[in-house]
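Q: Sharing a structure below in structure tokens format, with a few things to ask.
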Amino acid sequence: MDSRSTSAISGISRHRRSRTALAAGAATLAASLLAAGATAAPAGAATPPSGTAASLGLGGKEKLIVRDVVKDADGSLHTRYERTYDGLPVLGGDLIVHQAPSGAEEGVTKATDARIKVADTRASFAASGAQRTALAAAKAADVTGATTERAPRKVIWAATGKPVLAYETVIGGLQKDGTPSRLHVITDADSGKKLYEYQAIETGTGTGQHNGKVAVGAVKSGSQWLMKDTARGGHLTYNSKHSWDENKKGSAFYDPDNVWGNGKPTIAQTAAVDVQYGAAMTWDYYKKVLGRNGIKGNGKAAYSRVHYGDAYQNAFWDDACFCMTYGDGEGNKKPLTSLDVAGHEMSHGLTSATANLEYSGESGGLNEATSDIFGTAVEFYSKNAKDPGDYLIGEKIDINGDGTPLRYMDKPSKDGLSYDYWKSGVGEDDPHFTSGIANHFFYLLAEGSGRKVIGGVTYNSPTKDGRVVKGIGRAKAEKIWYKALTTYMTSTTNYAKARTATLNAAKKLYGANSTEYKAVNNAWGGVNVK
């Protein structure tokens, strides 16, 4: 999620021109961006070769900005672009150009197939009216202390239906549970009608008292030690000291003997240890398993904050600060800092830096599921005896008060709120619950259907039509989801398009006639996505 994003885990607050020219130009651009082994370019890092937009059949008023470049082991390139129209950002206009190792174009994946064109870019509706509409939307969403964080800006709204001239307004404040709000409201610039809204703060959960004795990145600072992981992009953890101000970083952690925490919530360092460790394990998983050097692929770390708010029972990722923030839970005694939560939150940043799945509708569910999938992957990767890998989300926090996990991947509906299978209209519900469909797909793809015991945990995963699904193993499932996310999904990907994206990923990785490709198709069928 870019500056438009912030996310939470729990949901508690429930044409045809020269193709050769295009290929050569894009390949040259990609080569420069991928120098020194980089696998991704930071947002807005470069503009594409002249003529690229026209060669893709785009209009004369449209321009492209490179957002990310991914290079496969075989030399194939996948260049992700953002789009502008007459100088205005096109929300939902992102696209990915796929090229073979030879430089030949292999296709384009677009967030929208609609032609981007409006009569003019002069608004009939005043920006002040759009601001009032956005503030009203925030009030209806129970946002307290609602204020205009970013005044209405003109954009082209193309994420849903026919592209129109619109305003995008961002409203700050606090959500019901104290999580910061960054509500984006899209308003028609001619009629004043609200077209869309989404919450950009994405959150998560966990408890930092289950990782036990772990290594913590620290450096000498004068006579003391500073909690800073120089081996992993310089990740730092800060102490919010129970402040609710999401704009303050807090205080860095120092220690005289480089021995941190006591395993209990009685001292502030304990939560910091678990967060620093969780970020390290997520970084290592990304690099060693997925081949990605940090969230943005540029070797730079985000930072973390602990002890946010008073008895705050959540955690969240915020693109605005490029950081992860964790509350201390009920009674300030259960810091939400477990491995799967740290992996979940950091992976919201991964999604933001790649597909940038909108946090609303079915794409919102896919966004949340991506964080659950990689949070789970990090937990398994870490091999921590205090918190062994499983297909349960938030199982260490007892946020329900009865010892049950927050979410289940084998049968999501066991939490009483999540969906096991896709159905029409599912995108209207909370992304934390609609994520169940993709979580269920991932479990089926990795482990298969039916009853089994994995790591001492009993699972029993059903399918919509009773079909038998045979798993291909978690490692292959993870690589397929990552490939789909980073090279085939766009901001508006829904479940049907996610199926296509993962099939494309499986085909690229293993072949169109492979067992893995067939398993992806079968697993989606098991959750009623066909």
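Q: At a Cα cut-off below 17 Å, give the aspartates and glutamates reachable from residue 383, other chains included and same-chain residues fewer than 8 away excluded.
A: Hits, sequence-local ones excluded: 274, 284, 340, 395, 478.
Q: Magnitude of the Cβ-charge dipole of region 244-364, K/R +1 and D/E -1, about the Cα centre, nearest 20 debye? Write out the running numbers ahead of the final one.
A: Numbers: 11 positive and 15 negative charges, 84 e Å.
Result for region 244-364 is approximately 400 debye, rounded to the nearest 20.
Q: Please give, to one decimal in nm, the separation of the simple spin-label points placed at residue 464 and residue 332, each 7 Å out from Cα toward the Cβ.
A: Once both label points are built, they end up 4.8 nm from each other.
Q: Mind listing which trypsin sites (Lys or Arg not before Pro) in region 426-495 are in a DSSP loop and have 15 or fewer other Cβ atoms within 10 Å?
A: Within region 426-495, the qualifying trypsin sites (Lys or Arg not before Pro) (loop, at most 15 other Cβ atoms within 10 Å) are 467.
Q: Related question: Calculate the dipole size of region 244-306 relative to its Cα centre from +1 charges on Lys and Arg beta carbons and -1 charges on Asp and Glu beta carbons; express the result in debye to the nearest 20. Intermediate values should be presented prior to the final figure.
A: Working: 9 positive and 6 negative charges, 76 e Å.
Charge dipole, region 244-306, about its Cα centre: 360 debye, nearest 20.
Q: With each run of n ≥ 4 DSSP H residues scored as -39500 (n - 2.57), what mean residue ellipticity at 222 nm is computed for the chain after dividing by its residue count and rounding to the nearest 500 deg cm²/dmol? Can you show the working numbers first?
A: Details: 10 runs with 149 residues, N = 530.
After summing the helix terms and dividing by residue count, I get -9000 deg cm²/dmol.
Q: Check each of the chymotrypsin sites (Phe, Trp or Tyr not before Pro) in region 262-356 and keep only those in coil by DSSP with at most 11 other C-beta atoms within 10 angstrom; list them in order.
A: Listed in order of number, the matching sites amount to none.
Q: With the cut-off at 1.5 for a/c, could you classify the chain from its C-alpha gyration tensor as rounded, prolate or oblate?
A: rounded
Q: What is the distance in Å between the Cα centres of region 135-204 and region 242-265?
A: Spelled out, the Cα-based centre of one part sits 33 Å from the other.
Q: Mind checking the full-extension length gain between residue 230 and residue 128? Use 0.36 nm per residue of separation minus the Cα-Cα distance, one decimal, nm. Write down the numbers at each step before the final one.
A: Details: separation 102, 0.36 × 102 = 36.72 nm, distance 4.65 nm.
Taking 0.36 nm per residue and subtracting the Cα distance, the gain is 32.1 nm.
Q: Along the positive direction of the dipole of the chain (beta-carbon charges: Lys, Arg +1; Asp, Glu -1; about the Cα centre), which of 239, 109, 262 reaches farthest?
A: The residue sitting most towards the positive pole is 109.
Q: Let me ask something else. Roughly how big is region 309-431's charge dipole about its Cα centre, with Cβ charges of +1 (Lys, Arg) and -1 (Asp, Glu), in debye to the nearest 20?
A: In total the dipole reaches around 380 debye.
Q: What is the spin-label model distance, in nm, from residue 530 to residue 115 if the labels are put 7 Å beyond Cα along the C-beta direction?
A: Result: 3.5 nm between the two label points.
Coordinate-derived values only; no laboratory data. All of these numbers come straight from a predicted model, not from anything done at the bench. Please note: Cβ atoms are built from the backbone with ideal geometry, for glycine as well, and neighbour counts cover all protein chains shown.
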